[in-house]
Amino acid sequence: MTREYVWLITGANRGIGLEMVKQLLQSPSNIIIAASRNPAKATELQGLAEKAGGKLHLVALDVTDKESISQAAQEVAGVLGGKGIDYLINNAGILPGGEDTAFSLDVDILASTFATNVGGPVYVAQAFIGLVEQSEKKTVVNISSVLGSIGSDVGVIWASYAITKAALNMLTYKEAKEKPDITVISMCPGWLQTDMGGPNASHPVSVGVEGVLKTILSLTPEDSGKCFNFDGQPVPW
Ligand SMILES: NC(=O)c1ccc[n+]([C@@H]2O[C@H](COP(=O)([O-])OP(=O)(O)OC[C@H]3O[C@@H](n4cnc5c(N)ncnc54)[C@H](OP(=O)(O)O)[C@@H]3O)[C@@H](O)[C@H]2O)c1
C-alpha cells in the first residue's frame, strides 16, 4: 500500500497555494487539506475536490481570526481521524503596502500586514502543532520571501512587507529551537506570476511551486531553523 502524507496549505484558493494543491494532487500518496477564507466561493478548489477521489478536503480558515483557526483545527482533526499533518504550509500572505519605504510607510498597514504574515503563521502553528507532531514528517514550512532577508540586501522598497517577512524568519528560527522534534523552515518561492507577484514576475507559478515542493520533499531534520530558496539553495537571514 502507498504511504500517504497529509499536507495542510493556507491561502489555497489562488496563487501559490492553489498551484501547490494542483501539483500535490498528481501523486496518489498525498492527502491535501486546502484551507481558504471562503471555500464556498473557491470554485477552482471545488472542481479539483470533485475529481480528487477523497484526497482533497476544503476547510474554512482565516489566518487573522483565532476562532476560525481553532474551528478549522477541530474540523481537520475530525477529517483525519487519528492521522497527523506531515506538512503544514503557512502560505497565506498579503502585500498591501506595495513599494512603500521605511520613511514613508503607514504603521496601520504594517500592523495589518504583520497580523496576516506573522500572526497568522503563529496561531496556525499553535493550533495545528499537535497534529503535526502526530505525523511522520513533522514539518512546518513558513512561506517567506527573499525580501525579508537582510543578508540578500534587496534595497529600499516593499518595506512593510519585508519587515513582516524578516519577522516570519525569526519565527521559523524560534519554532525550530523550541521544538527540536519537528522540522521548521522558511521558504522563498521566487518571484512568481500570481496576483501578488504580478504578470511581469520572473517565473510562472508552476515553476516556483515545483521547486518549492522538490525542496520540501528533500528536507532532513538538520535543515530545521533555516531558510531556502525554491531552487533548494540556502537564503541568508
Ligand atoms: N508571488 C510572489 O512572487 C511571492 C514571492 C515571495 C513570497 N510570496 C509569498 O507567497 C505566499 C503566497 O503568495 P501569492 O503570490 O500566491 O499571493 P496571492 O496570489 O495574492 O494569494 C494570496 C493568498 O493568501 C490568502 N490570504 C490572504 N489573507 C488571508 C487571510 N487572512 N486568511 C487566509 N488566507 C488569506 C488569499 O486568500 P483570498 O483569495 O481570500 O484573498 C490568497 O489565497 C505569500 O505568503 C507571499 O508573501 C510570494
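Once you place label points 7 Å from the Cα toward the Cβ at Glu99 and Met196, how far apart are they in nm?
2.0
Could you please state, rounded to a whole Å, how far the C-alpha centre of the stretch 156-183 is from the C-alpha centre of the stretch 31-60?
Cα centroid of the stretch 156-183 versus Cα centroid of the stretch 31-60: 28 Å apart.
What are the semi-axes of the equivalent ellipsoid for the chain, taken as the square roots of 5 times the Cα gyration tensor eigenvalues, largest first, in whole Å?
Over the Cα atoms of the chain, the semi-axes work out to 27, 19, 18 Å.
With charges only on Cβ, +1 for K and R and -1 for D and E, what is the dipole size of the stretch 44-135 about its Cα centre, in debye, rounded to 20?
480
List the pairs from Lys51/Lys179; Lys41/Lys66; Lys137/Lys165; Lys41/Lys174; Lys51/Lys165; Lys83/Lys177 whose alpha-carbon separation is above 29 Å, in the order I gave them. Show your work: numbers first, answer last.
Values: Lys51/Lys179 37 Å; Lys41/Lys66 21 Å; Lys137/Lys165 25 Å; Lys41/Lys174 35 Å; Lys51/Lys165 35 Å; Lys83/Lys177 25 Å.
Violating the 29 Å limit, Cα to Cα: Lys51/Lys179; Lys41/Lys174; Lys51/Lys165.
Report the full-extension gain for the segment Glu75 to Glu4: residue separation times 0.36 nm, less the Cα-Cα distance, to one decimal in nm.
The span from Glu75 to Glu4 would gain 23.6 nm if fully extended.
Using a simple charge model, +1 on the beta-carbon of Lys and Arg, -1 on the beta-carbon of Asp and Glu, nothing else, what dipole does the chain show about its Cα centre, in debye to the nearest 20?
Around 480 debye, computed over the chain.
Bin by bin, in steps of 5 Å, what percent of the Cα pairs in the stretch 1-102 do you find, going until the bin that has the longest distance?
Final binned percentages: 2, 12, 24, 24, 18, 8, 5, 3, 2, 1, 0.
What is the local net charge at Ile69, summed over the other residues whose Cβ is closer than 13 Å to its Cβ (Lys, Arg +1; Asp, Glu -1)?
Once positives and negatives cancel, what remains is -2.
If the chain between Asp231 and Ala60 were fully stretched, how many nm would it gain, using 0.36 nm times the residue separation less the Cα-Cα distance?
That works out to 58.5 nm of additional length.
Counting only other residues whose beta carbon sits under 13 Å from that of Tyr161, what net charge do I get with K and R as +1, D and E as -1?
Here the charged neighbours net out to -2.
What is the distance, in nm, between label points placed 7 Å from the Cα along the Cα-to-Cβ direction at Asp106 and at Glu222?
4.8
Bear in mind that the values in this text are calculations on the coordinates, not laboratory data. Everything numeric in this text was worked out from a predicted model, so none of it was measured. So basically every Cβ, Gly included, is an ideal-geometry build from the backbone, and we count neighbours across all protein chains shown.
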